[in-house]
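All remarks here apply to the structure that follows.
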Amino acid sequence: MNTTLKEEMLEEEFKIDNSTKKDDNKLKLKFNLNIIELLGSQLYTRLPSIISEFVSNSYDADATRVEVTIDEDSRISPKRTNIIIKDNGTGIASTASNYIKEINNNFLNIGRKRRKEENNSRSKIFNRKLQGKKGIGKLAGFGITNEMKITTTTNKITNSFILNYEDMINTEGDTYFPKVIQDNEQTNFDDGTIIELLNIRRKKDIVLKDLSENIAKRLQVFDDNFSLELIHIFNGLKIDSILLTNDNYLEYIKEKSKIQFCWNIPEDLNKLNLESETIDYFEKYDINGKIFTTDTPLKKDDQGIVLYANKKLCQENYCFNDRANDNFYNYLIGKLNIDYIDEDINTDNISTARDSLVWENEISQELKTMIDKVIKKIQIEWRGRRKEEKEKEVNKCLDMNIDSWFSSLAPHERETAKKIVNVIINDESMESEKAAGFIKYVQEMYSFNSFKDFATGLINKPVSNLEDILTFIKDWELIEAKEMAKISEGRIEAIKNFEKMILHNESETKVIQPFLEKFPWILDPTVDSFKRELTFSKILKETFPDDKLNESDRRIDFMCFSSNNEIHIWELKRPKIKIDEKYHNQIYRYQEFAMEKYPNYKIITTLVSDNWSFDRGVELMFEDAIKGGKFKIKSYTEMLKEAKNYHDDFINKYNELYKKKEELV
């Protein structure tokens, strides 16, 4: 049943005759069974909204303090839970002219429209804007219990009675007589009202913190002149209590997501470049509050603006845009006060359950249009401010300035790089740290000409989101993997040829060294990133001339490369050679000279041979040197195996990427 139709039914039901003058000294409730069921057990089913209705009544009764006690007792079976709402207001019979008559009229009169009846929308003592309007909130308790006990005191005169849902719906006729506990009894009680919801129906445990957040979301009435304390009693002992503030709900949001930006309404409207018509509307109707955005997405139930009329919720979180599927709305939250929407005594612009405006009427539609205009302007400003913040955080993560990197690129490269990076930065769903990781990857790829050439094709494509960029990178990875697979297949053939040289014990000077100068990557699969250090090679030869060596093999075999402030000395020896003390001493001399000549470089010296043998004394000398990190020994067999595995990985990677792409197709 839609809201409008339901409320029309209620209006008809409320035409029940409650004006009878007979038996004014007896408590009675005149009703229609449909109303009790519709407004009690069906309309109110959530604990926060039920409690809020009773607290709202206390507020209207000029109370300054309300205590809501959750009293649980597990010592009996099944566990019993009562909820007691106690206030220090004026009491139901506030004028004390005829207590029973006033209770009948003010509380037991279902559908009593107080504002219209009294032609007044303000409370008597504190001049508060009244929150109650339809006279049905007193039935809220029947959403979770079958029995409510009401105790009310004015001028030390106390009346208490019990309303029983089962008895009410089984009553013949339209008049129900509550069970009277105290009838105009003289007591020492202070003025006020106590509502007891007895033996409530609830499967889940009540968490006081969650309850406080939800009540604070529904009511914004808490100040120095009105307090609400939630108290939890378990088996007779007080175990917890919370004094509510208007910020309880916002504090809950802050626990989940950091508030990033804030707009004060109406103060910041002029900064949003809005039309004067919109600004004038907000000022005319005194619409005020705050709109926030968070740094991470909100839960679905927390997204949107909450509206309050007379400090009571009248619209749950709402986005004001029928097509609000933009990612921006995942970060939007706020609260606005729209008291004017509830000022007309004769018109109801708020649904019976107080969780939504009646959007079908003209005044609500105009409000929706105006708030939507403000939110759209905030959305534009949010994107700009969020991008600036994200760029700062990304620069911090990268320990560099992205704009400086752009400037280092050639003009035709710069345009494409900006296009890729902007898509990553503008993706609101991606956190700064992850975005920095993507951008760093893109920067690394720009060191490859093949990537830059492939990226050039982006300029003429409508790349607008991260998914497009990821598709682009995956496509390039497949192309790159295919090229590397081809190269690797050729290199594996070179490795096989080198294996034959080792098998035939070829000369290191005439065969092995020239071959490795042509294919240096065999020494180390990452050797492509090395540069041949000819200057150092020349210095070594000048320092260790052949004519100063007495050995028959007078040529010094070495290859020198540098990368990342590293100098590599490779001393190549014929396979099946015996390693003696002279090789140990020679490598030490290379090492010491290089360290002295290049103190800022890391010197890595490697002796390469196969099937070598040691004298025992020399073996110990080498073991000590290797343990100390002075140099290392590697066999040709080991070296070739590493190179082969490295290039096999490229071939396997290409086959894997190709298979994945085929599966997607």
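The values are calculated or read from the model by the stated rules, or taken from the named source; none is laboratory data. None of the values given here were measured: they were computed from a predicted structure. Heads up, the Cβs are rebuilt from the backbone with ideal geometry, glycines too, and the neighbour counts pull from every protein chain shown.
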Conditions (1) over 30 Å from Asp301 (Cβ atoms); (2) outside any helix (DSSP H, G or I); (3) in contact (Cβ under 8 Å) with a residue 40 or more places away in the chain -> Met168 fails only (2)
If I filter the range 101-115 for residues that are of a type in the set (Gly, Ala, Ser), in contact (Cβ under 8 Å) with a residue 40 or more places away in the chain, part of a loop (DSSP other than H, G, I, E, B) and more than 22 Å from Asp167 (Cβ to Cβ), do I get at least one hit?
no
Counting only residues that are in a strand (DSSP E or B) and crowded, with 19+ Cβ neighbours inside 10 Å, which one in the range 607-617 is modelled with the lowest pLDDT?
Ser609
What's the total number of residues in the range 324-368 that are of a type in the set (Val, Ile, Thr) and within 20 Å of Gln303 (Cβ to Cβ)?
2
Strands (runs of 3 or more DSSP E) completely within the range 237-345 that count 3 or more residues being assigned by TED's automatic domain parsing to the domain that holds Asp73 and of a type outside the set (Gly, Ala, Ser)
237-243
Being assigned by TED's automatic domain parsing to the domain that holds Asp205 and surrounded by fewer than 19 Cβ atoms within 10 Å (Cβ to Cβ) narrows it down to one of Ser97, Ser123, so name that one.
Ser97
Which of the residues spanning the range 120-165 are closer than 25 Å to Asn188 by Cα, charged (D, E, K, R) and either in contact with a His (Cβ under 8 Å, 6 or more places away or on another chain) or touching a residue at least 40 places away in the same chain (Cβ under 8 Å) (or both)?
Lys124, Lys149
Is it the case that Glu251 is of a type in the set (Asp, Glu), surrounded by 16 or more Cβ atoms within 10 Å (Cβ to Cβ) and under 28 Å from the mean Cα position of the chain (by Cα)?
no
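Of everything in the range 72-94, what is among the β-branched types (Val, Ile, Thr) and in contact (Cβ under 8 Å) with a residue 40 or more places away in the chain? Give them in sequence order.
Thr81, Ile83, Ile84, Ile85, Thr90, Ile92
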Within the set of pairs 6+ apart or on separate chains, which have a first residue in the range 190-217 that is farther than 16 Å from Ile253 by Cβ and in the same structural domain as Leu47 (by TED's automatic domain parsing), a second that is part of a strand (DSSP E or B) and acidic (Asp, Glu), and C-beta atoms under 7 Å apart?
Gly192/Asp87; Thr193/Asp87; Leu198/Glu147; Asn199/Glu147; Leu208/Asp240
Being within 11 Å of Lys390 (Cα to Cα) and either among the hydroxyl-bearing types (Ser, Thr, Tyr) or crowded, with 18+ Cβ neighbours inside 10 Å (or both) is the filter here; which residues of the range 431-455 pass it?
Ser432, Ala435, Ala436
Per-region count, the range 71-94, residues surrounded by fewer than 20 Cβ atoms within 10 Å (Cβ to Cβ) and of a type in the set (A, V, I, L, M):
2
Filter the range 160-180 for residues that are in contact with a Phe, Trp or Tyr (Cβ under 6 Å, 6 or more places away or on another chain) and under 17 Å from Gly91 (Cβ atoms); the one that is surrounded by the fewest Cβ atoms within 10 Å (Cβ to Cβ) is Val180
If His232 satisfies every condition in (1) in the same structural domain as Ser58 (by TED's automatic domain parsing); (2) surrounded by fewer than 19 Cβ atoms within 10 Å (Cβ to Cβ) but one, which is the exception?
(2)
If I filter the range 340-362 down to residues being among the β-branched types (Val, Ile, Thr) and surrounded by 15 or more Cβ atoms within 10 Å (Cβ to Cβ), which single residue comes out as modelled with the highest pLDDT?
Ile341
Just give me the residues in the range 75-100 being closer than 16 Å to Thr152 by Cβ and part of a loop (DSSP other than H, G, I, E, B), in sequence order.
Asn88, Gly89, Thr90, Gly91, Ile92, Ala93, Ser94, Thr95, Ala96, Ser97, Asn98
